[in-house]
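K.L.:
Below: one structure in structure tokens.
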Amino acid sequence: MNYSFIIPSMLVLLVIMGYYFFRPRLPIRLNRAFLAILVIDICTELFECISFRLNETWPEHAPALLWALNILFFVFAFIRSYMFFVFTVSVLDSHVLLRSRLHVLAPIVYIPCVLIALTAPLNGWLFRISDGFRAGSLYWLLYACGCAYPLFAAIAVLRHLHELSPHQIISLTALQAVLILGNIARILFPTYVVMNTFCLMAIIVIFISFLNPDLFLSERGYVYNLPAFHALLEECYRRKRSCRVLGFTIQNYNEHRELFGGKQMDAALIGINRWLCETFPQLSGFYLRSGCYALVGHNKPDLEALQQQVSARFADPWKTEVGELRLSLSFVKADMLQMDCPSDRLVNTLMISLDELNHASEPDTSRYLKESIAAISQKLDIRRCLEGALNNDGLEVFLQPLVDCLTGKRVAAEALVRLRDERGRLIRPDLFISMAEQEGYIVRLGEQVLSKVCRFIRDHDMKALGIRWINVNLSPVQFMSRDIPERFSAILKQYGVDQEMIHLEITEQSMIDFSLLHDQITDLHDNGFQFALDDYGSGYSNLSRVRQYPFSNIKIDMEVVRNYCRDRDVLLPALIQGFKQMNLSITAEGIETEEMAGAMKDICCDYLQGYYFSRPVPMDEFVKMCA
Ligand code: C2E
Ligand code: CA
Ligand code: CA
């Protein structure tokens, strides 16, 4: 027998085990499976070494000892093959929710093998001890079991190929290839103890690809990182395992970082990580990002008490090389089992809640995630619908007529965007417009609305409908892109629509002192677009500023109209007269009754808009209404 392979293999294995045992390990299945592989592998190697050695010097030992050691070797060798398979399934399982049939059927191979090994003294099928070790008629089971499991694993990988990342596919394939090669080598060179070297290679593949503790550790040490948080919650969700989370954020983290500098802040964070790790050994601590942390426990930890303990520590400053940092916290508490929501959503919601609390005025503010999950879920749903509608040209545009005061006829319309959820219900524009502005969707939204309005104008005889122009709302955020005049002109050109047909509305509130806004509006105006000032009277009206912009129409906000109709004063009529002298036409919004229409007519408004005439309606309905 040649032991030149097994000794170095065992030494390398010991190094890996040492490294693995003494670093924090995330309590997930993958880690447990790997741990089992390490333990079983080292036992197999030990029994293999010892039994081979004793077999060579068999006359010196009692047969019972030889039987026992050989049986132990075979049992562990069979189980080891199976454990590598279990590991592969665990990787798949973290992606696929269903347990594969293969997984359930797999023990059918190793259990009979183990039984045959255990009964070897009775039947001698696997081996016999008579004049030393003699292979039995079923000795080949050792190779068969060794090859069957990597083959099963390869089939399982193939079946879930589309759910795996390229990195996982390569790593899992390499793992099975190494194991099969090991068995072939064992058949070809039976006197060399080579299989263990291949198992060691397989262990190294697993370690590097999936379980290197550094993949899951925060860069500042002691606690885990965000991918680890995802992995742990994902597993808890799938296995319905009890799991409570205390999330907390350092209030005004970014401002603190600005103020004290990255180095100081990092030193404080390292201190916090270390304190968490040492104070809560029974929990898993995570640094998520930008001053956000989470503590996770599986034995129903008391989150209230935990919060108190953490805030008590934060009442004292954190020492750094240079000085002391006082930090305050906000908390979010969650019980995963109780909320029963997928881990992705939970992590997202937790992060959003923590961000919201980041600027909370009071320290130690806390909330239960369950309460905010509905609101945040709604936000996420809306975002998903919005993304879908933007990608599939799915936004709808409704039209609401503007009526000429003198003739009482519809002369124009305002285009109002509409978004539907999966069930076809309308989502309120105020819910998704501000989201579109904050999250960078508004430019695409505005262009889709403009395109649809242009298409409507191209496809219908506007003269016959009596419509002279259509108002399109513009968000100030759209002005951030410098090429907006060119892009808008290009859209009109694409549909062959005249500039005069489109009036752009911008709200009074958006008229901040902003030279880019001014330049863009002037630019668009020079390109032939007309402008209306929307929601006049809802903000701080500044007449001199209004004069600096090339408006041609002022839309009086519906609140102002409502107030005037309730309590007629002289202010609004005077204001309107002022605008008229500036050659501006006036539209009154939110006209809901005949009386309101009359009142606004009396003070010389030019156009009226509101539910009294019509609600915003889909384009085809609008055409029917005008025909
Ligand atoms: P807005 O520009 O002030 O639009 C008028 C809003 O008042 C519309 O609400 C309209 O349905 C509603 N309205 C009209 N007549 C009456 C009435 O008689 N009584 C009452 N109570 N309400 C009336 P909507 O469609 O929900 O739109 C809300 C806001 O969303 C709009 O306010 C506008 O700021 C924004 N928005 C709508 N479409 C677009 C768009 O395509 N782009 C941009 N940037 N913003 C849009
Ligand atoms: Ca408007
Ligand atoms: Ca308005």
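K.L.:
When DSSP beta bridges are limited to those with both residues in the chain, what percentage is antiparallel, rounded to the nearest 5?
P.N.:
Antiparallel bridges: around 55 percent, rounded to the nearest 5.
K.L.:
Return one number: the angle in degrees, 0 to 90 and rounded to the nearest 10, between the long axis of the Cα atoms of helix 166-188 and the longest principal axis of the Cα atoms of the chain.
P.N.:
The two axes meet at around 10 degrees.
K.L.:
Enumerate the calculated ³J(HN,Hα) couplings along the stretch 555-569 in order (Karplus 6.51 cos²θ - 1.76 cosθ + 1.60, θ = phi - 60°), each rounded to whole Hz, writing x wherever the residue is Gly or Pro.
P.N.:
Here the 3J(HN,Hα) series is 9, 7, 4, 5, 5, 5, 4, 4, 4, 5, 5, 6, 9, 6, 10 Hz.
K.L.:
Right, something else. Over the alpha carbons of the stretch 393-626, what is the largest minus smallest coordinate on each principal axis, giving the biggest first in Å?
P.N.:
Result, largest extent first: 46, 43, 34 Å.
K.L.:
With θ taken as phi - 60° and the coefficients 6.51, -1.76 and 1.60, list the Karplus ³J(HN,Hα) couplings across the stretch 192-206 in order, rounded to whole Hz; mark glycine and proline as x.
P.N.:
9, 8, 8, 3, 5, 5, 5, 4, 4, 4, 4, 5, 5, 4, 4
K.L.:
For q = 0.10, 0.21 Å⁻¹, what log10 I(q)/I(0) does the stretch 527-611 give under the Debye formula with an equal point scatterer on each alpha carbon and no solvent?
P.N.:
Log10 I(q)/I(0), no solvent term: -0.22, -0.97.
K.L.:
Continuing with this model, one more query. Note the direction-averaged projected area, equal to a quarter of the hull surface, for the Cα convex hull of the chain, in nm².
P.N.:
Numbers: hull surface 158.5 nm².
Its Cα hull, projected and averaged over all orientations, spans 39.6 nm².
K.L.:
Report the chymotrypsin sites (Phe, Trp or Tyr not before Pro) located in the stretch 531-568 that are in a DSSP loop and have at most 11 other Cβ atoms inside 10 Å of their Cβ, or state none.
P.N.:
Sparse-neighbourhood loop chymotrypsin sites (Phe, Trp or Tyr not before Pro): Tyr540.
K.L.:
To continue, here is another question. Take every Cα pair under 8 Å in the chain that's 6+ residues apart, average their separations, divide by the length, and report that relative contact order as a whole percent.
P.N.:
With pairs under 8 Å counted, the relative contact order is 9 percent.
K.L.:
Among Ala154, Ser353, Leu115, whose Cα projects farthest towards the positive end of the dipole of the chain, with charges put on the beta-carbon of Lys, Arg (+1) and Asp, Glu (-1)?
P.N.:
Ranked along the dipole, the leading option is Leu115.
K.L.:
Counting only residues 5 or more places away or on other chains, whose amide H sits under 5 Å from the amide H of Arg367 once H atoms are built in the peptide plane?
P.N.:
Phe331, Val332, Lys333
K.L.:
Within the set Lys263/Lys300; Lys452/Lys555; Lys240/Lys370; Lys452/Lys580, which residue pairs have Cα atoms separated by over 27 Å? Walk me through the numbers before you get to the answer.
P.N.:
Numbers: Lys263/Lys300 36 Å; Lys452/Lys555 23 Å; Lys240/Lys370 17 Å; Lys452/Lys580 32 Å.
Those over the limit are Lys263/Lys300; Lys452/Lys580.
K.L.:
If you take all C-alpha pairs in the stretch 158-248, what percent of them are over 23 Å apart?
P.N.:
So the pairs more than 23 Å apart make up 47 percent of the total in the stretch 158-248.
K.L.:
Also: Treating only the Cβ atoms of Lys and Arg (+1) and Asp and Glu (-1) as charged, compute the dipole magnitude of the stretch 558-627 about its Cα centre; round to the nearest 20 debye.
P.N.:
Dipole of the stretch 558-627, to the nearest 20 debye: 120 debye.
K.L.:
Same structure, new question: Taking H placed 1.01 Å from N in the peptide plane, check which residues at least 5 places from Val223 or on another chain put their amide H under 5 Å from its amide H.
P.N.:
Excluding prolines and chain starts, which carry no amide H, the hits are Ser218.
K.L.:
If I fit a long axis through the Cα atoms of helix 303-315 and take the longest principal axis of the Cα atoms of the chain, what angle between them do I get, 0 to 90°, rounded to 10?
P.N.:
80 degrees
K.L.:
I'd like the orientation of helix 63-93 relative to the chain: the angle between its Cα long axis and the longest Cα principal axis, in ° from 0 to 90, rounded to 10.
P.N.:
Long axis of 63-93 versus the principal axis of the chain: about 10 degrees.
K.L.:
Please compute the alpha carbon radius of gyration of the stretch 226-380, then divide it by the globular-protein estimate 2.2 N^0.38 Å. Two decimals is fine.
P.N.:
Output field value: 1.01.
K.L.:
Another one. If the cut-off is a Cα-Cα distance under 20 Å, which aspartates and glutamates reach Lys601, setting aside same-chain residues fewer than 8 apart in sequence?
P.N.:
Cα-Cα hits under 20 Å: Asp404, Glu414, Asp534, Asp535, Asp557, Glu559, Asp567, Asp569, Glu589, Glu592.
K.L.:
Do the sum for the chain: with -39,500 (n - 2.57) for every DSSP H run of n ≥ 4, divided by all residues, what is the mean residue ellipticity at 222 nm, to the nearest 500 deg cm²/dmol?
P.N.:
Result for the chain: -17500 deg cm²/dmol, rounded to the nearest 500.
K.L.:
Accessible area of the chain with a 1.4 Å probe: how many percent of it is carbon plus sulfur?
P.N.:
Of all accessible area on the chain, carbon and sulfur atoms account for 57 percent.
K.L.:
Could you do me a favour and compute the accessible area per residue for the stretch 226-380, 1.4 Å probe, result in Å²?
P.N.:
45 Å²
K.L.:
According to the Kirkwood expression over distinct Cα-Cα pairs, how big is the hydrodynamic radius of the stretch 6-215, in Å?
P.N.:
After inverting the pairwise mean of 1/r, the radius is 17.8 Å.
The values are calculated or read from the model by the stated rules, or taken from the named source; none is laboratory data. All of these numbers come straight from a predicted model, not from anything done at the bench. A quick note on method: Cβ atoms are made from the backbone with ideal geometry, for glycine too, and the neighbour counts reach across all protein chains shown. Calculation scope for accessible area: heavy atoms of the full protein, side chains included, ligands and nucleic acids excluded. Shrake-Rupley method; radii C 1.70, N 1.55, O 1.52, S 1.80 Å.
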